[in-house]
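Please read the structure below before turning to the comments.
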Amino acid sequence: MATKKKTKAKSKAAAKKSAKKVVKLKSAKKPATKAAAGNGVPRPSTKAWGQAGRALDGVKILDFTHVQSGPTCTQLLAFMGADVIKIERPGGGDITRGQLRDVKGADSLYFTMLNGSKRSITIDSKHPKGKEILERLIKYCDVLVENFAPGALDRMGLTWDYIHKTNPRMIVASVKGFGPGPYEDCKVYENVAQCAGGSASTTGFRDGPPLVTGAQIGDSGTGLHLALGIVSALYQRIRTGRGQRVLAAMQDGVLNLARVKLRDQQRLKHGPLTEYSQHGEGIPFGKATPRAGNDSGGGQPGWILKCKGWENDPDAYTYFITQAPVWGAICDLIGKPEWKTDPDYATPPARLPRLRHIFDTIEQWTMTKTKFEVMETCNKYDIPVGPILSMKEIAEEPSLRATGTVVEVDHPKRGKYLTVGNPIKLSDSPADVRRSPLLGEHTEEILRDVLGYSAKELADIKTSGAITPPDKPAKAEAA
Ligand code: COA
């Protein structure tokens, strides 16, 4: 037995040696091209998928965000593995902690669902000692993210020039309502952005007022844009060694999401928008892209149709798309096989002026089924449909829990709550979804372990008023 072990060890050592030799031989020969050398990228990891750390491990974010747009961005970066240090004003912190509160004494869901996986430190950014702490953080971090009103960061003394001089590698990323121009100094909230970015004028029904959408495309949408800007700037920094400013204006972000409506604006010059149901109804177009109700935004006409139970359930509806390649299957399913050959219905252009009648007819069929039965039946024939899911149904949907899109986390003050996890799935970087921090929960930890303040310095900071509200002692604030 002992000899067997020895031989095994010997052959293992020999194998290791020859492996080394191979490596030596390979590296001795210079690869002909940069591409052959892997473009400077390290050898592929041999670790199991998901075991090679997270995508943004090592990236340190000085998170000066509040309300929704900025926190959405930094939360995504945190899910990707970045260390996000959220700076909050002593006393109250991010205003959303107390907004729309549902549980007395606990941070609101507004806050908790936008600030997961972050650390919280309280600093009065206008206090001299607070400024000194911030300077250390600026030197330590890679990215400063903020969405203050225009000029607020400068008023704190944190101008681009100052930050760049203090840490030339730092990326400074901002959400503002508008980019440079007539409105650059304006404060902006979600719905203002939806209106200014072209979403509201193109949402709703033609005969009704402009509508804002439930999806927070101005806030969360812009946060998402900013996150892309930040990771791009981090990537460029690998080559340049220097930081840069990243700006995501909410108007721009909304317009980017509404670009198909700018497409339609330009098409108007060349004739009516034939896929809009108003065309089929014989209503002339005006000078601007109109509101299109539930018309599909693409080339395949669609509409929202009633399903079984619609009389009592406000969400018993389905979206139904009359995609051209499956028109025959639709005709068979709804009991109109003759439409397959009828010249008034057989081709997409022939159908365009009759969409209202077509959808009314399909609705007669969908009303005999639940929205889930419609989904099940239509999917067999590749007909694209979508049940109108209520938030209740989404919250209870097991498949969304299984993928980590809806995550339940435990909070010391409010108990369990649902949050939306990382909607972007990386196969080698599992999302890190943790509860939101209490106000100032990590103040001491960051001052001591990250910034290296000694116990004596820490004691001085505590009594300085830089991390506590002006009229309260340090102990009361920490909770
Ligand atoms: N210590 C001391 N002061 C702090 C602080 C801290 N840790 N954090 C913030 N402040 C101060 C700021 O310096 C600012 O003071 P100043 O105006 O005297 O310079 C003040 O708090 C308020 O900041 P402000 O951004 O103006 O907040 P607001 O509540 O008045 O406005 C918004 C909120 C959202 C309208 C505004 O921040 C904004 O337009 N942001 C850009 C667009 C945006 O992101 N909108 C979407 C929000 S979801």
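The values are calculated or read from the model by the stated rules, or taken from the named source; none is laboratory data. Values in this document were obtained by computation on a predicted structure and should not be read as measured data. Here the Cβ is made from the backbone with ideal geometry for all residues, glycine too, and neighbour counts use every protein chain on show. We work out accessible area using only protein heavy atoms, side chains counted, and drop any ligands, DNA or RNA first. Shrake-Rupley method; radii C 1.70, N 1.55, O 1.52, S 1.80 Å.
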Across region 169-185, which residue is nearest to Val145 (Cα to Cα) among those that are within 10 Å of the ligand (Cβ to nearest atom), open to solvent by 20 Å² or more (accessible area, probe 1.4 Å) and not in a strand (DSSP E or B)? Phe178
Heads up, the strands (runs of 3 or more DSSP E) in region 305-414 (entirely inside) with at least 2 residues that are of a type in the set (Val, Ile, Thr) are 317-321, 406-411
In the list Glu135, Glu146, which residue meets the criterion of being among the acidic types (Asp, Glu), more than 9 Å from the ligand (Cβ to nearest atom), open to solvent by less than 70 Å² (accessible area, probe 1.4 Å) and closer than 22 Å to Arg89 by Cβ? Glu135
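Table: residues versus (1) out of contact with any helix residue (DSSP H, G or I) (no Cβ under 7 Å at 6 or more places or on another chain); (2) assigned to a loop (DSSP other than H, G, I, E, B).
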position	(1), (2)
Gly223	no, no
Leu226	no, no
Arg237	yes, no
Arg242	yes, yes
Gly253	no, no
Gln265	yes, no
Pro272	no, yes
Phe285	no, yes
Trp303	no, no
Verdict on Ser296 being away from the ligand (no atom under 16 Å from the Cβ), open to solvent by 40 Å² or more (accessible area, probe 1.4 Å) and hydroxyl-bearing (Ser, Thr, Tyr): no
The correct count of residues that are polar (S, T, N, Q) and farther than 30 Å from Cys73 by Cβ in region 243-294 is 5
What residue, among those in region 440-459 that are in contact (Cβ under 8 Å) with a residue 60 or more places away in the chain and in a helix (DSSP H, G or I), is surrounded by the fewest Cβ atoms within 10 Å (Cβ to Cβ)? Glu445
What single numbered condition from (1) open to solvent by 30 Å² or more (accessible area, probe 1.4 Å); (2) within 28 Å of the chain's Cα centre (by Cα) fails to hold for Gly335? (2)
Within region 81-100, is even one residue within 20 Å of the chain's Cα centre (by Cα), of a type outside the set (Lys, Arg), within 11 Å of the ligand (Cβ to nearest atom) and surrounded by fewer than 24 Cβ atoms within 10 Å (Cβ to Cβ)? yes
Any residue in region 67-84 that is without any contact (Cβ under 8 Å) to a residue 40 or more places away in the chain sitting within a Cβ distance under 6 Å of a residue that is acidic (Asp, Glu) and not in a helix (DSSP H, G or I)? List the pairs, counting only those 6 or more apart or interchain. Val84/Asp63
Close pairs from region 342-366: first in contact (Cβ under 8 Å) with a residue 40 or more places away in the chain and acidic (Asp, Glu), partner open to solvent by less than 30 Å² (accessible area, probe 1.4 Å) and not in a helix (DSSP H, G or I), Cβ under 8 Å, at least 6 apart: Glu363/Leu305
